[in-house]
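The values are calculated or read from the model by the stated rules, or taken from the named source; none is laboratory data. Predicted model, so just to flag it, every value in this text is computed and none were measured. Here the Cβ positions follow ideal geometry from the backbone for every residue, glycine too, while neighbour counts run over all protein chains shown.
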Amino acid sequence: MIVIGSQAILGQFPDAPVELLRSNELDVVPKNKPERSIVVDGAIGELSAFHHTFGYYAHGVAVETAVLPAGWRERLIRVCNENTKGAVGWCLEVHDLAASKLAAGREKDLDFVSGLLRHQLATPEILAERMATLPIDGKRRDGLVQSVWTLTARAR
């Protein structure tokens, strides 16, 4: 599975600040069979027995759900430890995650990126570089790159 939502932060920062862990939803894409995202929703999705039992759930999504910087697949963070019982998961690297969140542009996404910057889990220079490679209109991309500096100033 590839985690592409905010909880991907746990791949790189398992002890991330609580303010970055508010979501009870895990946006995932089956890495080798992305067409099986719908199976995720049925098995462990919202309102499933899993959700009722554990208080969180997975949402199977398409990779295209997120706007991601060029080269993001090469930077995925591998997660395999005793908690995964040998299963391998993949999480977005923090700057790729932040770029995706800025591209989404919702208030909660801006708050999330501000938290990353405030806690120095993301570097503004690297984030601006990643933003510059987003597959979106140039004018919008330039505005998003500028937002990195605005959020950085507010985070200090």
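Points to keep in mind about this one:
- Subset of the stretch 39-60 that is of a type outside the set (Phe, Trp, Tyr) and touching a helix residue (DSSP H, G or I) at 6+ places or on another chain (Cβ under 6 Å) - its residue that is modelled with the lowest pLDDT: ILE44
- Pairing residues of the stretch 118-132 that are under 16 Å from SER6 (Cα atoms) and in contact (Cβ under 8 Å) with a residue 60 or more places away in the chain with residues that are surrounded by 18 or more Cβ atoms within 10 Å (Cβ to Cβ) and aliphatic (A, V, I, L, M), at Cβ distances under 6 Å and at least 6 apart in sequence or on separate chains, gives LEU121/VAL94.
- Unmet requirement for LYS33, which otherwise passes all of (1) farther than 22 Å from ASP137 by Cβ; (2) touching a residue at least 12 places away in the same chain (Cβ under 8 Å); (3) of a type in the set (D, E, K, R): (2)
- Of the residues making up the stretch 36-82, those that are more than 24 Å from VAL94 (Cα to Cα) and either in contact (Cβ under 8 Å) with a residue 60 or more places away in the chain or small (Gly, Ala, Ser) (or both) are GLY42, ALA43, GLY45, SER48, ALA49, GLY55.
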